[in-house]
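Contents: one structure, followed by commentary.
The values are calculated or read from the model by the stated rules, or taken from the named source; none is laboratory data. No experiment lies behind these values; they were computed from the predicted model shown. Cβ placement follows ideal geometry from the backbone for every residue including glycine, while neighbour counts extend to all protein chains displayed.
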Amino acid sequence: MSEYIAPIRDMQFVLKELAGLDEVAQLPGCEEATPDLVDAVLEEAGRFAEEVLSPINWSGDQEGARWQDKAVTMPAGFREAYKLFADSGWTALACEPEWGGQGLPKVVAAAVAEMWKAANHSFSLCPLLTAGAIESLVLTGSDELKQTYLEKMVSGVWTGTMNLTEPSAGSDLAAVRTRAEPQEDGTYKIFGQKIFITYGDHDMAENIIHLVLARTPTAPEGVKGISLFIVPKFMVNDDGSLGARNDAYCVSIEHKLGIHASPTAIMAFGDQSGAVGYLVGEENRGLEYMFIMMNAARFGVGLEGVAACERAYQRARDYARERIQCTDIGVRGGPKVAIINHPDVRRMLMTMKSRAEATRALAYVVAAAHDAAVHHPDNEVRKRNQAFVDLMIPVVKGWSTESGVTMASLGVQVHGGMGYVEETGAAQHLRDAQISTIYEGTTGIQANDLIGRKIAREGGVTLNALIADMRALDADLAQRSGGDLAAIRSRFAAGVDALASAGEWLVATYGKDVRAASAGAVPFLTLLGIVAGGWQMVRAALIAQEKIDAGDSDPFYPAKIVTTRFYADHVLSQAAGLASSVTDGAEGVLALPEDMF
């Protein structure tokens, strides 16, 4: 069974040539992100992913997390791996230096996080949730809460969770019923149950800091009456040491399709005397605060899609190089060859390779825009970048994760019957990838957020600005005549036209017929993902051609052009059909009476 190898060469290219690492490093607070430092970080992270996390991925899946007597035990090797992870400073990579973090930009952290997710999806979920909890506390917590919790969370000594979902309140958070009763000492007693809590309990860290949504007695109904609370597993004494066990317990873990080594907990708060909680920020603003964590998590889950594409591709490629079967097509009586020689296997591998590169490029570019939105000294530049990030987060989350599932399925197909056998590892990637389309809002939820809050609400302003950037790139591409770039340009221009027409239809239709617009939401998200991914692939191909024209003989560059040509012919070519589904497909979605289903 092959192990994960970090695709550092492509990561370096995307960071430097597409995401603009040099420009990011000039932003206030990001000066440490020099090319040499970033290269060193990538190399070390790659080593950790390959040598520590990847070897326990399959064994962790087979053993799984285990629950007994309200406590979870992690699979063999996970505790040791997490201690080494925290001791090596990986939990602190992008955190504020004030709290012991290294303060590196989000775009660098994104590349490193992709490695964790590709090497060991289950393991990576623990630091993902902790990072979101840290960000929420930094932005909304009181000084006292920050002093009590942040340093230990940033160092990885303590981990964090996000507790939203309840048995009767899934995506509809207005239905949250967990209670928070105020106490005379200023604390609250929390009573209720939360489900689907990732790493709600485990034995890798000495304390777990739960961020919990609950209602106070005077809270109004609906989402406007939700508050956010910190509920630690162990109470924290004034000197920072751990005190008594809090009344917050894992009463069960789920038996899931995949990510078996990641404990998905059912958490009970207050079954005995009440779990002690501390209000974060102001009452009744909890959902607003939790969305800080959720948006960070949505981007992180999008990286899971990138990672699934890459990991499934690597395993399928390695198998295709080794598996000898049949003679080369069109050759009579010749020797049997590795299946990587067969045209359809090559088509599948190129689909996987190109989708991994496109999703990676788009995610890193969005991460770099986030850095500019936070750190750039010019307010207008910050606002413009934030608008782009807001538009693209549902795409990075939705399109990348759907791509991950599809590419993992292709990986099983490349393996043939052996892909359906657990020992090859291909099936695990497919099982693990499926959850990413559901975490932090399903693809449908992402798509409706995209067309409603991110496009229709502002009349398509940010989408149109993005399309204008794409058309400017098309104009640059038009100056290159002949060969692959001409063919790429034809597909890209048609894709941008399809995106523009579908976007115009959505803006015009949403206010008049929201059901018709919503029927095309997922096709539109897919369309925007495909074209935006193509936008980055085209940029990459142009840069690669410039390198070749300048005499660079690195084989990476012609391979990038070939991969972009494949993406144009086989992926961008889908744009017109998706646009038609958006603009003309609502009737077929909505016409059938309910009793005919």
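Can you confirm whether region 533-547 contains a residue that is of a type outside the set (A, V, I, L, M, F, W, C), within 29 Å of the chain's Cα centre (by Cα), assigned to a helix (DSSP H, G or I) and farther than 18 Å from Arg480 by Cβ?
Yes, because at least one residue in region 533-547 is of a type outside the set (A, V, I, L, M, F, W, C), within 29 Å of the chain's Cα centre (by Cα), assigned to a helix (DSSP H, G or I) and farther than 18 Å from Arg480 by Cβ.
From the list Asp185, Asp201, Asp247, which residue is loosely packed, with under 14 Cβ neighbours inside 10 Å and of a type in the set (Asp, Glu)?
Only one candidate qualifies: Asp185.
Run down Val589, Val571, Val562 and say which single residue is farther than 30 Å from Lys16 by Cβ and not small (Gly, Ala, Ser).
Val589
Name the residue, out of Lys152, Lys106, that is under 20 Å from Phe291 (Cβ atoms), of a type in the set (Lys, Arg) and in contact (Cβ under 8 Å) with a residue 24 or more places away in the chain.
Lys106
Being more than 23 Å from Val366 (Cβ to Cβ), of a type in the set (A, V, I, L, M) and buried (at least 16 other Cβ atoms within 10 Å of the Cβ), is that true of even one residue in region 509-516?
yes
Show the residue pairs that are 6+ apart or on different chains and have beta-carbon atoms under 8 Å apart, the first residue being within region 580-597 and within 24 Å of Gly495 (Cα to Cα) and in contact (Cβ under 8 Å) with a residue 60 or more places away in the chain, the second being surrounded by 13 or more Cβ atoms within 10 Å (Cβ to Cβ) and of a type in the set (S, T, N, Q).
Final answer for the pair search is Thr583/Ser501.
I need the helices (runs of 4 or more DSSP H) fully contained in region 395-502, keeping only those with at least 3 residues that are of a type outside the set (Asp, Glu) and farther than 25 Å from Val365 by Cβ.
426-434
Filter region 318-354 down to residues that are surrounded by 14 or more Cβ atoms within 10 Å (Cβ to Cβ) and within 21 Å of Met537 (Cα to Cα) and give me whichever is farthest from the chain's Cα centre (by Cα).
Taking the candidates together, the pick is Arg346.
Among the residues of region 285-307, is any charged (D, E, K, R), in a helix (DSSP H, G or I) and modelled with pLDDT of 95 or more?
yes
Pairs under 8 Å by beta carbon, first residue in contact (Cβ under 8 Å) with a residue 12 or more places away in the chain in region 251-268, partner in a loop (DSSP other than H, G, I, E, B) and aliphatic (A, V, I, L, M), six or more apart or different chains?
Correct list of pairs: Ile253/Ala65; His260/Ala65; Ala261/Ala65; Ala261/Met74; Ser262/Ala65; Pro263/Ala65; Pro263/Met74.
Being touching a residue at least 12 places away in the same chain (Cβ under 8 Å) and in contact with a Gly (Cβ under 8 Å, 6 or more places away or on another chain) is true for just one of Thr165, Thr130, Thr198. Which residue is that?
Going through Thr165, Thr130, Thr198 in turn, the sole match is Thr130.
Given Thr509, Thr564, which one is more than 20 Å from Ser403 (Cα to Cα) and part of a helix (DSSP H, G or I)?
Every option except Thr509 fails the conditions.
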